[in-house]
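What follows is one structure encoded as structure tokens, with my remarks underneath.
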Amino acid sequence: MANIQKLLVANRGEIALRIMRTAREMGIRTVAIYSEADRQSLHVRYADEAVCVGPPPSSESYLRADAIIEACRQTGADAIHPGYGFLSENAGFARAVRNAGLIFVGPSPESIEVMGSKLAAKAAVASYNIPMVPGTPEAITDRDDARKTAAQIGYPILIKASAGGGGKGMRIVESDAEFDEGMNRAVSEATSAFGDGSVFIEKYVTSPRHVEIQVLGDQHGNIIHLFERECSVQRRHQKVVEEAPSSVLTPAIRAEMGRCAVEVARACGYYGAGTVEFIVDDQLNFYFLEMNTRLQVEHPVTEQITGIDLVKQMIYIAEGKPLEIKQGDLKINGHAIEIRVYAEDPANNFLPDVGTLETYVRPQGNGVRVDDGFEQGMAIPIYYDPMIAKLVTTGATRAEAIEKMIRAIDEYRITGVQTTLPFCRFVMQHDAFRSGQFDTHFVNHYFTPDKLTPETSLEETQLAGVLAAWLFQNRQVKTAPEVVVTDAKKSKWKERRLR
Ligand code: MV4
């Protein structure tokens, strides 16, 4: 058991700041690393010390394990927190940190390795009583066997890459006739994307919800769960809205899923913070899919409803301390919702719209938490994920959290870049979201760019006035001005947003 004195955060942006804030509360000194593109970043200014680890591209900076470990030597940091993304789920990095005599604030390299392979993860939990989607338990070696299995399971099926994650390398196959082509594509995709062509088959659950369970394990074998996060509102496997608790789970199902998540963690000797991912079908059957061995982007909603600082727990666990929280101590308090504010244009197929934050004013007030890494006047670098902020609201009930979110979105003032705020507002106001009756197809089912409000509706109101005046002045003109209206609406909308 060794108390951490100085923590290097091997990340950037909001998560680097979020981790350093907790470290500071704990009296731990902080070291930031940064690339040449991030010299002026908030995480660099917040840290007690900062080390430049290379040029802007991640591969030459935030992914340079050697330079990061060297930065620990230079500054005397005794531990590394990897955040999410970058090196957070790289078993080789966790091992190199350990071999350098440093503390890795995260799970063991062995756990990362097992859970990094979906097939290894399934094998690890096979002797436990964990519900899994019917499918092949091993990598497919014989196509004819696999085809027979697919027929037994029943179409549609899903071919998944063992090394895949976050939806990469997945292929839906609707019928036996499509089997060969689906297989060829899945294997070649997996080979080129992951250097590993291992694939397996699962029954395709057509309209699932994505529900994940947060777990914490210490180095003494104690494991607890901190309930679920519902992440069904996503777009191309990119989560958009996350909340806790899920509006569909009953206390009994929640307890059962929690028990399963703890067992999954136990199966790989897990310690640290982790997330066990399930899909839930329309009958509320749940199935284990995979485990993420990092602190997740959406962890704040769990913090809001449990009152537990997950980063603080991760640090205690890394120091070798036993978990002081017992499962029975935990209860859900209220409801929290997170939206991800991206510098993307929802009116233009969510194309990244990086630029300078000409105006940047955060929402405030009761029940509002903003985790971000930017200030007004700062540029969003092109080299990294274009997430500007995570906006989290917490209320006594789900309805209250939604009300607060709409109010907070309307208070948020961002100009200079297009953001996903209007899109998130659309989600908050949608009946399917408000009723809780939605699945992972929400965005595809309900969203088209013309649904973006309030800009559009405001524009329409103003335009109606202009049009009325115009028609009045030109009473003899009979041509329908509809095309003109559409163009004017678009360009004016864009112009206003760019101000
Ligand atoms: C599935 C599935 C349906 N059936 N597996 C996508 C991400 C990866 N973690 C697992 N994913 C899925 N696996 C079976 N057998 C549907 C998805 C899926 C999905 C899951 C969670 C959140 C969003 C999703 C969007 C599309 C598909």
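Read-outs: derived from the displayed coordinates by stated rules, not from any lab. Since the structure is predicted, the reported quantities are computational estimates derived from the model, not experimental observations. Here Cβ is always computed from backbone atoms with ideal geometry, including for glycine, and neighbour counts include all displayed protein chains.
Taking the charge dipole of the range 26-140 about its Cα centre, with +1 at Lys and Arg Cβ atoms and -1 at Asp and Glu Cβ atoms, the residue from Gly106, Leu42, Pro57 reaching farthest to the positive side is Gly106. The ellipsoid that matches the Cα gyration tensor of the range 158-204 has semi-axes, each √(5λ) in whole angstrom, of 17, 11, 7, with the longest given first.
Taking Lys and Arg as +1 and Asp and Glu as -1, the other residues whose beta-carbon sits under 13 Å from that of Tyr316 total -3. With the simple spin-label model, which puts each label point 7 Å out from Cα in the Cβ direction, the Asn348 to Ser435 separation comes to 3.6 nm. Contact order, relative form, for the range 112-190: 25 percent (alpha carbon pairs under 8 Å, 6 or more residues apart, mean separation divided by residue count). Neighbours of Asp48, meaning other residues whose beta-carbon lies under 12 angstrom from its beta-carbon, give a summed charge of +3 when Lys and Arg score +1 and Asp and Glu score -1. Summary of packing: across the peptides 2-9, 54-61, the per-residue average of other C-beta atoms within 10 Å ranks them, highest first, as 2-9, 54-61. Which FRET efficiency value, to the nearest 0.05, do you get for Ala379 and Arg236 by plugging their Cβ-Cβ distance into 1/(1 + (r/R0)^6) with R0 = 25 Å? That pair, Ala379 with Arg236, gives E of 0.45.
Magnitude of the charge dipole for the range 134-203, about its Cα centre and with charges confined to Cβ atoms of Lys, Arg (+1) and Asp, Glu (-1), is about 200 debye. Each Cα pair under 8 Å and six or more residues apart adds its separation to the average, and for the range 209-452 the resulting relative contact order is 21 percent. What the Cβ-Cβ distance of Asp281 and Gln74 gives, at R0 = 51 Å and to the nearest 0.05, is a FRET efficiency of 0.45. For the range 6-105, a simple Cβ point-charge model (Lys and Arg +1, Asp and Glu -1, everything else neutral) yields a dipole of about 200 debye relative to the Cα centre. Calculated translational diffusion coefficient of the chain (20 °C, 1.002 mPa s; Stokes-Einstein with Kirkwood radius over alpha-carbon pairs) equals 88 µm²/s. Report, in whole Å, the centroid distance computed from the Cα atoms of the range 310-360 and the range 167-217. Their Cα centres are 27 Å away from one another.
The simple spin-label model puts a point 7 Å past each Cα toward its Cβ; for Asp142 and Lys331 those points are separated by 5.6 nm. Note on the range 6-105: Kirkwood radius taken over Cα pairs, Stokes-Einstein applied at 10 °C and 1.306 mPa s, translational D equal to 123 µm² s⁻¹. For the pair Asn366 and Ala399, label points projected 7 Å from Cα toward Cβ lie 1.6 nm apart. Count the net charge of all other residues whose Cβ sits under 14 Å from the Cβ of Asn184, scoring Lys and Arg as +1 and Asp and Glu as -1. Taking every other residue near Asn184 into account, the sum is 0. Does anything in the range 312-326 have its amide N under 14 Å from the 7 Å Cα→Cβ label point of His220, and if so which residues? Taking a point 7 Å out along Cα→Cβ of His220, the residues of the range 312-326 whose backbone N falls under 14 Å are 316-326. Panel order for Thr393, Thr440, Thr302, by other beta carbons found within 10 Å of each beta carbon, from fewest to most: Thr440, Thr302, Thr393. Applying 1/(1 + (r/R0)^6) with R0 = 22 Å to the Cβ-Cβ distance of Ala252 and Ala123 gives a FRET efficiency near 0.15. A straight chain from Ile172 to Arg185 at 0.36 nm per residue would run longer than the Cα-Cα distance by 3.6 nm. Ordering Leu87, His445, Ser435 by the projection of their Cα atoms onto the charge dipole of the chain, which places +1 on the Cβ of Lys and Arg and -1 on the Cβ of Asp and Glu, puts Ser435 at the extreme positive end.
Footprinting exposure proxy ranking of Arg18, Arg95, Arg236, fewest other C-beta atoms within 10 angstrom first, gives Arg236, Arg95, Arg18.
Relative to one another, the C-alpha centroids of the range 409-431 and the range 239-265 are positioned 28 Å apart.
Straightening the chain between Arg39 and Thr206 buys 55.5 nm, computed as 0.36 nm per residue apart minus the Cα-Cα spacing. Rg/Rh for the range 209-452 (Cα atoms only, Rh after Kirkwood) is 0.97. Put a plus charge on the Cβ of each Lys and Arg, a minus charge on the Cβ of each Asp and Glu, and nothing anywhere else: the dipole of the range 209-452 about its Cα centre is then about 260 debye. Between Ala389, Ile406, Pro322, the Cα set farthest toward the positive side of the dipole of the range 293-406 (charges on each charged residue's Cβ, about the Cα centre) is that of Pro322. Residues in the range 28-36 carry Karplus couplings, in order, of 9, 6, 10, 10, 9, 10, 8, 8, 4 Hz; the curve used is 6.51 cos²θ - 1.76 cosθ + 1.60 with θ = phi - 60°, and Gly or Pro positions show x.
Enter the Cα centre distance for the pair the range 9-56 and the range 105-157, rounded to the nearest angstrom. Value for the Cα centre distance between the two parts: 38 Å.
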